[in-house]
1. Could you check Met186 against (1) closer than 30 Å to Val16 by Cα; (2) open to solvent by 40 Å² or more (accessible area, probe 1.4 Å) and say which number it fails?
2. The conditions are (1) modelled with pLDDT under 95; (2) among the hydroxyl-bearing types (Ser, Thr, Tyr); (3) closer than 30 Å to Ser55 by Cβ; (4) surrounded by fewer than 17 Cβ atoms within 10 Å (Cβ to Cβ), and Tyr111 fails exactly one of them. Which is it?
3. Take the range 64-108 and flag every residue that is buried (at least 18 other Cβ atoms within 10 Å of the Cβ) and of a type in the set (Asp, Glu).
4. Consider only pairs whose beta carbons are under 6 Å apart and that are at least six residues apart or on different chains; among these, list those whose first residue lies in the range 118-145 and is closer than 14 Å to Ala11 by Cα and whose second residue is in a loop (DSSP other than H, G, I, E, B) and of a type outside the set (Val, Ile, Thr).
5. In the range 194-213, is there at least one residue being modelled with pLDDT under 95, open to solvent by 40 Å² or more (accessible area, probe 1.4 Å) and hydroxyl-bearing (Ser, Thr, Tyr)?
6. Any chance the range 65-72 includes a residue that's basic (Lys, Arg), assigned to a helix (DSSP H, G or I) and closer than 20 Å to Tyr192 by Cα?
7. Evaluate the following for Lys158: is it at pLDDT below 95, of a type in the set (D, E, K, R), over 30 Å from Lys9 (Cα atoms) and part of a helix (DSSP H, G or I)?
8. Determine which single condition Leu26 fails, assuming it passes every other condition in (1) open to solvent by 40 Å² or more (accessible area, probe 1.4 Å); (2) in contact with a Leu (Cβ under 9 Å, 6 or more places away or on another chain).
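The values are calculated or read from the model by the stated rules, or taken from the named source; none is laboratory data. What you see is a predicted model; the values in this text were computed from it and never measured. Cβ atoms come from the backbone with ideal geometry, glycine included; neighbour counts cover every protein chain shown. Heavy atoms of the whole protein, side chains included, go into the accessibility calculation; ligands, DNA and RNA do not. Shrake-Rupley method; radii C 1.70, N 1.55, O 1.52, S 1.80 Å.
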Amino acid sequence: MENFGIREKKAALLRVSILEEMLRLLQTKSINDLTLEELCSNINTTKVTFFKNFSYKEQVLDYFICKWLYDRSFDIHRKRYQGEAGLYKVFQSICDDTVPGKKIMISLIQYYSKLTEKPPAIEPSPYEYYLFNKEAFDQKVEPLSLQQVFMYHLSEIKTIHPSQYNEFVCQLFALMYGVPIQTHIMELDDMYPFYEAGIKRIVGEQCPPVTPL
């Protein structure tokens, strides 16, 4: 394992603790009801320190996406799911988290809809990636963007021509953010059947879906 500096470790541990506490609070509260005062008090830090790490509380959700994408990058590295099965796994993982995936997705949609400009990019440090997934870090897994994850799995479906990749990626993004709104309006908790049907509609039935655990 690499030698990490004390300052890097301290900063990384703080950001991860902020993320973990937010996810814990989101189990019982909405993002709108969650206050920075409570979050910071629970992990013995201050709002001043919080704002040195995140511009606003909703940006912690972007940080969560960094962690989630690192896990999906590790799935690709291990070649656990191929082609369409990989796409099913990506969407299944949204629904499998301890905090209901729909709550996180709805919170993200609310956050993105309020933005008037592109938010500053969050770039986790090497030690943060180590904390996200030690096994992946030890195997030198490179973090991928969501577009790269989609592209990789689409490239493994031989019936899809490379000229179609961008179109399908756009449709998969629309599916990812559209289903939470649809199920929220319909007052349904389980998003996965809608994701499954959407993937079948977009890329066809080339592989069997991943059965949720």
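1. (1)
2. Exception for Tyr111: condition (4).
3. Scanning the range 64-108 gives Asp75, Glu84.
4. Hits for this filter: Tyr127/Phe4.
5. Yes - at least one qualifying residue is present in the range 194-213.
6. For the range 65-72, residues basic (Lys, Arg), assigned to a helix (DSSP H, G or I) and closer than 20 Å to Tyr192 by Cα: present.
7. no
8. Among (1) open to solvent by 40 Å² or more (accessible area, probe 1.4 Å); (2) in contact with a Leu (Cβ under 9 Å, 6 or more places away or on another chain), Leu26 violates only (1).
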